[in-house]
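Shown next, in structure tokens, is the structure this report addresses.
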Amino acid sequence: MVADAHAHQPAWKHACASQVAGGLSTLCFYPLDVIKTRFMAQDGTELRRHNSVRYGSVRQAFRVMVEAEGGRSLFRGAHVAVGASALSWGIYMFTFRTVEAAVQPFFAGVQQRHRGRDNGTGTWHWSDGLTASVVGSATGNVCVAVLANPAWLVKNRMQLEEAARSSAAGDSAPRRYATFASGLRNAVAADGISSLWRGTS
């Protein structure tokens, strides 16, 4: 009964709950996300090193970042990440629940017709609930990729920029991704508006 009541809650309630949970978890674990992003960006070349150092462990990465860039560097772009997380989870959950509810009657009808064909023996089953959930989830993920990718792109570049600026261009170089707005402007100016969706494929 409790599960049924939960499943039939309005889509916007699921979306709001997911936004709050996603935003809080993103903020709590954001320093680890910064380290993860920098680890992924390093490919062994001098150009991809951060603060002229190739990270060998999480502990070393934390120490180098704090010593070279200050403790605030661990939360650079956190506001963008929290916003992007809330946006992504809100879009996903609202789309998922809405589409799932919309297509479930169709798959239930398919299931009913096939049960009629086998004279009710139940030898062939179409899982209408599972299929509707898959369709809803896939639609939600596509919407998130299209609508939220610009925010995640700017967030990742904000996490990486200070290291690239200090190791390759010097401390006097201006920051191109100091804010979300300036990051969007610079990304569009440098590579065109389509670059905001780089990596979605």
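The values are calculated or read from the model by the stated rules, or taken from the named source; none is laboratory data. Please read these numbers as outputs of a predicted model, since none were measured by experiment. FYI the Cβ positions are ideal-geometry reconstructions off the backbone, even for glycines, and counts take in every protein chain you see. We work out accessible area using only protein heavy atoms, side chains counted, and drop any ligands, DNA or RNA first. Shrake-Rupley method; radii C 1.70, N 1.55, O 1.52, S 1.80 Å.
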(Q) Suppose the chain between Arg59 and Ala138 were pulled fully straight at 0.36 nm per residue; how much longer would it get relative to their current alpha carbon spacing? (A) 24.7 nm
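On average, how much accessible surface per residue is there in the stretch 36-94, in Å², for a 1.4 Å probe, leaving out ligands, DNA and RNA? Working shown, then result.
Working: 3370 Å² over 59 residues.
On a per-residue basis, the stretch 36-94 sits at 57 Å².
Could you order Asp43, Asp33 so the one with the most accessible surface comes first? Probe is 1.4 Å. The partial results should precede the final answer.
Numbers: Asp43 95, Asp33 35 Å².
The residues order as Asp43, Asp33, largest area first.
Compute the Rg to Rh ratio over the stretch 6-68 from the alpha carbon atoms, using the Kirkwood formula for Rh, and round to two decimal places. It would help to have the intermediate numbers written out before the result.
On the way: Rg = 17.9 Å, Rh = 14.1 Å.
Radius of gyration relative to Kirkwood radius: 1.26.
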Q: For every other residue with a beta carbon closer than 10 angstrom to the beta carbon of Arg48, add +1 if it is Lys or Arg and -1 if Asp or Glu, then tell me the sum.
A: +1
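Just to confirm the filter: which GluC sites (Glu not before Pro) across the stretch 32-95 are DSSP coil and have at most 14 other Cβ within 10 angstrom of their Cβ? Mind showing how you got there, number by number?
On the way: sites: Glu46, Glu67, Glu69; in loops: Glu46.
Within the stretch 32-95, the qualifying GluC sites (Glu not before Pro) (loop, at most 14 other Cβ atoms within 10 Å) are Glu46.
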Q: Enumerate the amide H contacts of His50 below 5 Å, restricted to partners 5 or more residues apart or on another chain; note that Pro and chain-start residues carry no placed amide H.
A: Tyr55
